[in-house]
1. What ranking of Ile336, Ile287 emerges when the number of other C-beta atoms within 10 Å of each C-beta is taken as an exposure proxy, fewest first?
2. Determine, from the Cβ-Cβ distance of Asp308 and Gln113 and an R0 of 22 Å, the FRET efficiency 1/(1 + (r/R0)^6), rounded to the nearest 0.05.
3. I want the local charge near Tyr195. Using Cβ-Cβ distances under 14 Å, sum +1 for each Lys or Arg and -1 for each Asp or Glu among the other residues.
4. Taking 7 Å along the Cα-to-C-beta vector as the label spot, tell me the Arg229-Gln93 distance in nanometres, rounded to one decimal.
5. So, R0 is 30 Å and r is the distance between the beta-carbons of Lys141 and Glu330; what FRET efficiency does that work out to, to 0.05?
6. For the pair Gln73 and Glu193, what calculated FRET efficiency results from E = 1/(1 + (r/R0)^6), where r is the Cβ-Cβ distance and R0 = 22 Å, to the nearest 0.05?
7. Among Cys273, Cys100, Phe249, pick out the residue whose Cα is farthest towards the positive end of the charge dipole of the range 28-353, where Lys and Arg carry +1 and Asp and Glu carry -1 on C-beta, about the Cα centre.
8. Binning at 5 Å from 0, report for the range 280-354 what percent of all alpha-carbon pair distances ends up in each bin.
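Nothing in this text is a laboratory measurement; each read-out follows from the coordinates by a stated rule. In this text the structure is predicted, and so the values were computed from the model without any measurement. No Cβ is skipped: glycine too gets one built from the backbone with ideal geometry, and neighbour counts run over all protein chains shown.
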Amino acid sequence: MRRFTCSRLYYPVDMGGTPIKPRTKVASATKSRQSRRIWGLLAEINNYSAVRPNSYDFYIKQEADILTRDEFQKLTQKVVILDGATGSNLMAQGMPRGICTEQWVIDHKDVIQKLQKAYMEAGSQIIYAPTFGGNRINLEKHGLEDRIREINRTLVSYSRETAGTRCYVAGDITTSGQFITSDGDYTFETAYEMYQEQIRILKDAGVDLIAAETMINIEETLAAVDAARSVCDLPIMCTVTVEADGSIFSGGNAAEAAAALESAGADAVGINCSVGPDQLVSVVRSIREAVSIPVIAKPNAGMPAIDDQGNAVYSMTPSDFARHMKVLVENGASIIGGCCGTTPDYIRELVHIL
Ligand SMILES: [Zn+2]
């Protein structure tokens, strides 16, 4: 069992997009910076995405490819394109804040499939099933825990139907929104069991791999990797969200997390959400130097500004995003996509520039 020292400063992520006040008082200087990040996280839910090789060597999926862990290492020696944001795009399509995203997506199959199809047409080779908040602890907040199997299976089936044989489908998982302690309600074992349950369902539903994203705590991410390794042989990609200096919300930094996760058996590590790609060059380089597995970069479309209605507005254009993402590839990222604020246009531009 691995233990990390984490500070008590922690912002739970409300999957429906409602901001939750921090439990710990923070200095106001860091507070505004962190609250901007919170807005980025809150707009977060998932993301989605064909392939057009040019100057970079792209992986091209063959119809009969089955994604073993060995196969994953081979394919990721080339640049692999992920999808872009899901949450911010669902909100743009009318998903209200504060509701259970997973239930809303189940009720709006056409919206998610249209978005995922657009990502595939833009060049995504791995799309994330909209199962982000489909763990028992999050579903309990909405009284939906008894439907955990049905919800995850239905959401995977939507993505599988869209992906066909053109694209891989990742089972998406994230933080419970709780902080791991050794003596409280949420221990390493609780997290481990929560992830085991969801990952087992995702595997049975037919995902090609697991993606743990928007993780904000190293220990909880390790629980997810241990859980994945205990219930399946699927590859698992892990991304944490970081500040521009590489630090993680609850303690530690991206390079430390990456090294620990590689030792635990993660198949690729990196960052998602966070800030814009322009601020992540040294973070990506530090992760690249810390591990021998592929490095993932799935950042936001820049830092969000908050408009009068309280909505997060991302300022980076698709071409600026793609230009900065190319620099991240030059610095060691090989599995790339976008998070909050990105759309299929960002993925198309990214494929175009590489
Ligand atoms: Zn995000």
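1. Arranged by neighbour count, lowest to highest, Ile336, Ile287 become Ile336, Ile287.
2. The value I calculate is 0.10.
3. Local charge sum for Tyr195: -4.
4. Computed distance between label sites Arg229 and Gln93 equals 3.7 nm.
5. Given R0 = 30 Å and the Cβ-Cβ separation, E is 0.10.
6. On the way: r = 29 Å, r/R0 = 1.30.
Calculated value: 0.15.
7. Sorting the options by dipole projection puts first Cys273.
8. Reading the bins upward from 0: 3, 17, 26, 21, 15, 10, 5, 2, 0.
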